[in-house]
1. Can you list the HN-Hα couplings for segment 50-64, worked out from phi with the Karplus curve (6.51, -1.76, 1.60; θ = phi - 60°), rounded to whole Hz and with x for Gly and Pro?
2. Under 5 Å between amide H atoms, partner at least 5 residues away or on a different chain: which partners does R23 have, H built in plane at 1.01 Å?
3. Could you list the trypsin sites (Lys or Arg not before Pro) in segment 1-64 that lie in coil according to DSSP, counting only those with at most 16 other Cβ atoms within 10 Å of their Cβ?
4. Residue by residue through segment 126-133, which ³J(HN,Hα) values in whole Hz follow from phi under the Karplus form 6.51 cos²θ - 1.76 cosθ + 1.60 (θ = phi - 60°), with glycine and proline marked x?
5. Would you kindly derive the ³J(HN,Hα) couplings of segment 17-22 from the backbone phi angles with the Karplus curve 6.51 cos²θ - 1.76 cosθ + 1.60 (θ = phi - 60°), listing them in order in whole Hz, with x for Gly and Pro?
6. Please quote Rg/Rh for the chain to two decimal places, taking the Kirkwood radius as Rh and restricting both calculations to Cα atoms.
7. At 0.36 nm per residue, minus the direct Cα-Cα distance, what do Q127 and S64 gain on full extension? Give it in nm, one decimal, please.
8. Spin-label point model (7 Å from Cα, Cβ direction): what's the H47 to S110 distance in nm?
Amino acid sequence: MLSTDISTLLDPVVAAHDLEIDRIEITSAGKRSIVRIFLDGDGPDGHGPSLDQIAEATRSISASMDVSDVSRGKPYTLEVSSRGVTQPLTETKHFRRNTGRLITVVTPESEITGRIVSVTDDEVELQVGAASQPVVLAQITKATVQLELNRPIAGSDDDNEEA
C-alpha cells in the first residue's frame, strides 16, 4: 500500500468536502497496516476543518477505500483526523488558518512569540504585547502554535475573574 496511490484515489473525494490531504502515514501493526490520513482546509470559519467536516470526509474516504484495491487485499485500520495543532506552520495557508492564535516563530535573527493578527502572501503580522510586528514568511525557519488552555476571551475583562 503506497501513500501516492491513496492520495491519487482520495484527493477528489476529500476535495468534494472542501478539504485537502495534508499528509498520509502508513505504519505496520502486525499483519495489518495503519493508514493515517490528516486533512486540512479552511472550514466554516476559515480556521481549519470542523469536526463535522472531518466526520463526513471520513465516511467518504472509508467507502472509497473499501471499493478500491488500494490496499491490495491486505487488512488495514483507517484513522482520519485534522492536521493537528502541534504540526509546524509551513505554508501561508497554515498561518492564515491560525489567525488569532498565539504562535512562536523562529527566524535567523530571533525567536518571537505573538498572536497572528493578519497574513499576506509575503508576511505575517504578530501582536507582541502592545506592539505589532511584521515577520517575512520567507525568513521563518520554524513556526508553531502555542497551546493556550486559559486563553482570555476577546472583549472580556480580565479583572473580573471569579475567586
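Taken together, the values in this text are just the output of simple stated rules run on the coordinates, not laboratory data. As the structure is a prediction and not an experimental result, all values here were calculated from the model. Quick reminder, even Gly has a Cβ in these numbers, built from the backbone with ideal geometry, and neighbours come from all protein chains shown.
1. 7, 4, 5, 4, 5, 5, 5, 5, 4, 4, 5, 4, 4, 4, 5
2. So R23 has HN proximity to F38.
3. In loop regions of segment 1-64 (DSSP not H, G, I, E or B), the sparsely surrounded trypsin sites (Lys or Arg not before Pro) are K31.
4. 10, 8, 10, x, 8, 9, 9, 9
5. In residue order, the calculated couplings are 9, 6, 10, 9, 7, 7 Hz.
6. When Rh is taken as the Kirkwood radius, the ratio is 1.07.
7. Numbers: separation 63, 0.36 × 63 = 22.68 nm, distance 4.37 nm.
Length gained between Q127 and S64: 18.3 nm.
8. Once both label points are built, they end up 2.6 nm from each other.
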